[in-house]
Amino acid sequence: MEGASVKTSSSALRVTRRPVLTVVTGPEPTAPSGEVCVLLDQHRAVVWLHGAIDGALAEDLSEAANDLVDAGLPVLIHTRAVTSCDATAVALVARLISAGLPVQVCGPEGPLAEALQQALLATPDAASGPPRMPR
């Protein structure tokens, strides 16, 4: 019968409480690993680098470089979220430049900015071409 009240015994209803706080003991959390994200647009490719850009990310960066070179688009690389880096980050930029792609690096700071500046200075035709590093 629709609209009729239903009665149940109080023993049939059980209320459970979930804890609000859970304490997890164990090893310290590890530092965030690096990540590379690539978006291919009609007129350019956009790359976001996050976290630690180092040898552990070399395979991902190599695959990204291959995709970018195959696309043949100008490349914009966002680096504001890079927490640390080694020569692997510079190798990505060098690979793209050696393939003849225009490269723009946005937001390099600290070791990444220094490494890119050194690489730029070591390039014979540095005065005429990429990478451009806007601030």
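Residue separation of R44 and L121 scaled by 0.36 nm, minus their Cα-Cα distance, works out to 25.1 nm of gained length. Basic side chains Lys and Arg get +1 at the Cβ, acidic Asp and Glu get -1 at the Cβ, and with that the dipole of the range 33-128 about its Cα centre reaches some 280 debye. With each label modelled as a point 7 angstrom along the Cα→C-beta vector, the E59-C106 pair spans 3.0 nm. Summarising the amide proton neighbourhood of I53: residues at separation of 5 or more, or on other chains, whose placed amide H is nearer than 5 Å comprise T83, S84, C85, D86.
Evaluated at q = 0.11 Å⁻¹, the base-10 log of the normalised Debye intensity for the range 33-128, with identical point scatterers placed on the Cα atoms, takes the values -0.27.
Less than 5 angstrom separates the built amide H of H78 from those of V47, W48, L49, C106, all sequence-distant by 5 or more or on a different chain.
Laboratory data are not the source of any read-out in this text; all were calculated from the coordinates shown. What you are looking at is a predicted structure, and each value in this text was computed from that prediction instead of being measured. Every residue, glycine as well, gets a Cβ built from its backbone with ideal geometry; the counts of neighbours run over all protein chains shown.
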